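Engineer: Following this message is one structure expressed as structure tokens.
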Amino acid sequence: MSGVWVFKNGVVRLVENPGHCHGATGRRKMLVHLSSNEVITSYAVLERKLYSLGWERYYDDPDLLQYHKRSTVHLISLPKDFNRFKSMHMYDIVVKNRNEFEVRDM
């Protein structure tokens, strides 16, 4: 069983085999920073937001972008290529940064 756990309206469900940046509905997804209402269009934009929230970059794996927050056990791992940034990565960021980001349909 593979897929992404989706949290919506207090309900958790598994969406199996999501496509690139698509959710269960097949629509493209986008990650939005809530306080600025800014769509995350690149890793540079995302990194600025994560740094402002206390996340630090790890440089251990050359194939991944990784961020860790000292006050937690959380680790965010993303593919180096932003074109491979999928909805599962977006939801991972949302879960680890409650009330800061949101995944929306395009």
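The values are calculated or read from the model by the stated rules, or taken from the named source; none is laboratory data. Since we're looking at a predicted model, the values are computed, not measured. Backbone-built Cβ (ideal geometry, glycine too); neighbour counts: all protein chains shown. Surface accessibility is based on the protein's heavy atoms, side chains included, excluding ligands, DNA and RNA. Shrake-Rupley method; radii C 1.70, N 1.55, O 1.52, S 1.80 Å.
Engineer: Along the positive direction of the dipole of the chain (beta-carbon charges: Lys, Arg +1; Asp, Glu -1; about the Cα centre), which of Tyr91, Ser71, Val11 reaches farthest?
Structural biologist: Toward the positive end, the furthest listed residue is Val11.
Engineer: Express the accessible area of the chain per residue in Å², computed with a 1.4 Å probe while the remaining protein chains stay in the model. Could the numbers behind the result be given before it?
Structural biologist: Details: 6590 Å² over 106 residues.
Accessible area per residue: 62 Å².
Engineer: Got a sec to turn the phi values of segment 32-38 into Karplus ³J(HN,Hα) couplings, 6.51 cos²θ - 1.76 cosθ + 1.60 with θ = phi - 60°, whole Hz, x for Gly and Pro?
Structural biologist: 10, 7, 5, 5, 9, 6, 8
Engineer: Keeping the other protein chains in place, figure out the carbon and sulfur percent of the accessible area of the chain, with a 1.4 Å probe. Provide the component values of the computation, followed by the final result.
Structural biologist: Numbers: 3300 of 6590 Å².
Accessible surface attributable to carbon and sulfur in the chain totals 50 percent.
Engineer: Per 0.36 nm of contour for each residue apart, how much would the distance between Val12 and Glu38 grow if the chain were fully extended, relative to their Cα-Cα spacing? Can you show the working numbers first?
Structural biologist: Details: separation 26, 0.36 × 26 = 9.36 nm, distance 2.58 nm.
Length gained between Val12 and Glu38: 6.8 nm.
Engineer: In debye, nearest 20: dipole of the chain around its Cα centre with unit charges on the Cβ of K, R (+) and D, E (-)?
Structural biologist: Details: 16 positive and 12 negative charges, 59 e Å.
With Lys and Arg at +1 and Asp and Glu at -1, about 280 debye.
Engineer: Once you place label points 7 Å from the Cα toward the Cβ at Glu102 and Arg28, how far apart are they in nm?
Structural biologist: For the pair Glu102/Arg28, the computed spacing is 2.0 nm.
Engineer: Could you list the square roots of 5 times each eigenvalue of the Cα gyration tensor of segment 56-105, that is, the equivalent ellipsoid semi-axes, sorted largest first and rounded to whole Å? Working shown, then result.
Structural biologist: Values: eigenvalues 66, 54, 8 Å².
The three semi-axes for segment 56-105 are 18, 16, 6 Å.
Engineer: Here's another thing I want to ask about it. Enumerate by residue number the GluC sites (Glu not before Pro) in segment 37-106 meeting two conditions: DSSP loop (anything except H, G, I, E, B), and at most 16 other Cβ atoms within 10 Å of the site's Cβ. Don't skip to the end; give the middle numbers.
Structural biologist: On the way: sites: Glu38, Glu47, Glu56, Glu100, Glu102; in loops: Glu100.
Listed in order of number, the matching sites are Glu100.
Engineer: Sticking with this one: Using the Cα centre as the reference, give the magnitude of the dipole from point charges on the C-beta atoms of segment 51-106 (Lys, Arg: +1; Asp, Glu: -1; all else neutral), rounded to the nearest 20 debye.
Structural biologist: Numbers: 9 positive and 9 negative charges, 27 e Å.
Around 120 debye, computed over segment 51-106.
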